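Asker: Just dropping this structure here.
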Amino acid sequence: MKRSPVLLMTAIAVISSLVSLIAYDWLQSERQNAYFKSIKNQIALNQNWERKVSFTRSQLSGNQMSDFVLASRIATPAVVFIESQATEDSKSFFVDKGTSTGSGVIISPDGYIVTNNHVIEKADNIKVLLNDNREYSAKLIGTDLNTDIALIKIEDSSLPYLEFGNSDSAQVGEWVLAVGNPFKLQSTVTAGIISAKARNINILNAQQYRIESFIQTDAAVNPGNSGGALVNTRGELVGINTAIMTYTGRYEGYSFSIPSNLVNKVIMDLKEFGAVQRGLLGVTIENVDDQKSKTFGLAKVAGVYISNTSKGGAADVAGLKPDDIILEINGHHVNNVSELQEIIGVLRPGTQISITFWREKALAKTMAILKNQVNSTELIATRKDPILVEYGIEVRDLSQKEMNDLQIQGVRVINILRNSRIWNTNMAPNYIITSVNRKKIRNVDELIQAIQKSDSKVLLNGIYEQYDGEYPYSFYK
């Protein structure tokens with residue numbers, strides 16, 4: 001009988017605890033359901049929505065952070081299937097040269113889409129299929145071979161799109177989702193973690209100014225995923241899926257994405273200038289290994305070793321020399337070549353940067369102003385006026401430095417459109433047009449005026465920097 005009060009008190013305590021736990025779980029469930037309902041109302045119930053979802057990590061509990069449903073709902077409507085077809089003009093008929101498929105990411109409600117250059121390379125026709133099965137023909141806005149990025153556009157409004165996240169703040173070990181169309185399986189979502197950052201896998205070696213600083217993940221990526229989205233658990237775009245490392249041609253656990261900060265810079269340049277405005281430091285660099293760190297007296301293996309500087313380049317003007325080791329750019333530690341390329345790659349010519357470097361076993365600092373490929377700080381726009389596109393060329397004015405070095409005035413050909421009238425003349429990119437119908441021109445405006453005033457035949461004269469003499473090309477309007 002003496003045990004009864006003790007048992008009664010124990011029973012009351014247990015029941016109270018259970019009631020408290022049930023009440024807490026119910027309250028948390030109600031809060032979670034209300035939160036998801038508010039997000040769902042913004043996304044799922046309207047086909048003509050503009051994606052304006054924004055929230056912070058602090059709004060998400062640990063359970064929600066590991067739940068990929070919300071991120072998938074945000075990302076899948078904005079990831080598209082791309083089919084590109086290339087043809088070759090063969091006298092009086094066209095020959096089908098094959099079809100390429102991949103993925104792309106809508107980045108604005110008015111239809112701008114980012115993808116990989118290798119998905120649409122040499123394409124004459126680009127078709128886009130949305131998640132809701134709407135189909136469009138896309139126009140190529142621009143490409144950047146050095147990062148394998150391309151920008152295309154479809155004509156519509158109020159399209160679902162992804163917002164850019166900050167790839168610099170993405171952490172190794174963080175959950176990410178890969179969204180794309182592997183093997184033509186539309187809107188496939190896979191999950192993994194960020195395995196490493198600033199990876200160089202040597203797939204862009206043919207490009208002089210290549211930037212390889214990939215985000216490595218173990219999210220499953222296969223053929224067809226190229227150009228698709230890598231998103232964080234908030235549904236923000238942190239990368240463009242680009243490559244896999246494999247011996248079989250299929251996923252083996254290693255996939256690679258271009259960081260979103262670099263992607264954003266490239267596409268903004270393509271939209272504004274038609275070409276990427278790449279700031280260059282003007283150095284030949286190598287990774288610092290253990291032997292170099294000991295030779296130069298570094299406390300640890302870090303930094304980027306300068307083996308050579310370009311005369312008159314940003315580094316040369318700033319006082320950097322061969323055998324210097326760059327340790328920091330704008331206060332950011334630099335551990336390898338890929339990190340340095342990524343930091344510089346998001347900056348334009350004319351940008352001033354601070355550099356901390358190691359020389360003769362001591363720290364030093366300097367300031368440098370980045371330059372472009374022709375060693376000036378000008379931002380040079382590519383012209384794509386309708387009359388130029390009609391005949392098949394994209395051009396730009398010569399920079400002041402180019403005019404001084406070459407002692408000529410004229411217009412540089414940046415790109416020649418396949419199967420166009422100028423394509424059929426066998427002209428090559430980087431041709432410098434100096435006259436039209438034997439009348440000298442100084443800039444793109446004068447080139448357009450001269451073509452407009454021409455009768456049926458247009459004769460272009462100009463030079464190639466690497467070859468002697470003039471090269472004439474002619475076509476009919």
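Values quoted throughout were computed directly from the atomic coordinates according to the rules given, and no laboratory measurement underlies them. What you see is a predicted model; the values in this text were computed from it and never measured. Cβ: placed from backbone, ideal geometry, glycine included. Neighbour counts: every protein chain shown.
Asker: Could you size up the charge dipole of segment 121-232 around its Cα centre, putting +1 on the beta carbon of Lys and Arg and -1 on that of Asp and Glu, and report it in debye to the nearest 20?
Answerer: Working: 9 positive and 13 negative charges, 44 e Å.
Value, rounded to 20: 220 debye.
Asker: A further question on this structure: Rounded to whole Å, give me the distance from the Cα center of segment 248-287 to that of segment 170-218.
Answerer: 12
Asker: Over all directions, the average projected area of the alpha-carbon convex hull for segment 283-369 comes to how many nm²?
Answerer: Working: hull surface 19.9 nm².
Taking a quarter of the hull surface, the average projection is 5.0 nm².
Asker: Within the set Lys271/Lys477; Lys139/Lys384; Lys153/Lys384, which residue pairs have Cα atoms separated by over 19 Å?
Answerer: Details: Lys271/Lys477 28 Å; Lys139/Lys384 13 Å; Lys153/Lys384 15 Å.
Distance filter (> 19 Å) returns Lys271/Lys477.
Asker: Something else now. Compute the relative contact order of segment 89-203 as a whole-number percentage, counting only Cα pairs closer than 8 Å that sit 6 or more residues apart in sequence. Write down the numbers at each step before the final one.
Answerer: Details: 166 pairs, mean separation 27.0, N = 115.
Contact order relative to length: 23 percent.
Asker: Moving on to the next point. Above 19 angstrom, tally the Cα pairs of segment 167-271 and express them as a % of all pairs, no decimals.
Answerer: Numbers: 2123 of 5460 pairs.
Considering segment 167-271, 39 percent of its Cα-Cα pairs are separated by more than 19 Å.
Asker: Further, regarding this structure: Given a cut-off of under 8 Å on Cα pairs at least six residues apart, what relative contact order in percent is computed for segment 319-477?
Answerer: 14
Asker: Using the Cα centre of segment 167-271 as the reference point, and only Cβ charges (+1 on K/R, -1 on D/E), how large is the resulting charge dipole? Debye, rounded to the nearest 20.
Answerer: On the way: 8 positive and 7 negative charges, 41 e Å.
So the magnitude is around 200 debye.
Asker: So how do Val304, Val238 line up by other beta-carbon neighbours within 10 Å, fewest first? List each step's numbers first, then the result.
Answerer: Details: Val304 24, Val238 28.
So the ranking, lowest neighbour count to highest, is Val304, Val238.
Asker: List every residue whose amide H lies under 5 Å from the amide H of Gly239, counting only residues 5 or more places away in sequence or on a different chain, with H placed 1.01 Å from N in the peptide plane.
Answerer: For Gly239, whose amide H was placed from the backbone, the distant partners under 5 Å are Leu230, Ser260.
Asker: Report, for segment 137-257, the % of DSSP beta bridges that are antiparallel, rounded to 5.
Answerer: Details: 27 of 28 bridges.
Antiparallel bridges make up about 95 percent of those DSSP assigns within segment 137-257.
Asker: Right, next: Each residue of segment 268-279 in order: what ³J(HN,Hα) in whole Hz does its phi give by Karplus 6.51 cos²θ - 1.76 cosθ + 1.60, θ = phi - 60°, with x for Gly and Pro?
Answerer: 5, 5, 4, 5, 7, 10, x, 8, 7, 8, 9, x
Asker: Which is farthest toward the positive dipole end of segment 167-271 among Thr248, Gln171, Gly224, measuring Cα position about the Cα centre, with Cβ charges +1 (Lys, Arg) and -1 (Asp, Glu)?
Answerer: The one lying farthest along the dipole's positive direction is Gly224.
Asker: A follow-up question, please. Starting with the fewest neighbours, write out Val288, Val458 ranked by other beta-carbon atoms found within 10 Å of each beta-carbon. Let's see the in-between values first.
Answerer: Details: Val288 25, Val458 20.
Lowest to highest Cβ neighbour count: Val458, Val288.
Asker: If I take the Cα coordinates of segment 416-477 and project them onto the principal axes, what are the three extents in Å, biggest first?
Answerer: Result, largest extent first: 31, 27, 16 Å.
Asker: Here's another thing I want to ask about it. Can you give me the C-alpha center-to-center distance between segment 380-445 and segment 102-142, rounded to a whole angstrom?
Answerer: Comparing the Cα centres of segment 380-445 and segment 102-142, I get a distance of 27 Å.
Asker: Determine, for Thr143, Thr377, Thr382, the number of other Cβ atoms within 10 Å of each Cβ, and report the residues in order from fewest to most. Show your work: numbers first, answer last.
Answerer: Values: Thr143 23, Thr377 17, Thr382 20.
If I rank by nearby Cβ atoms, fewest first, I get Thr377, Thr382, Thr143.
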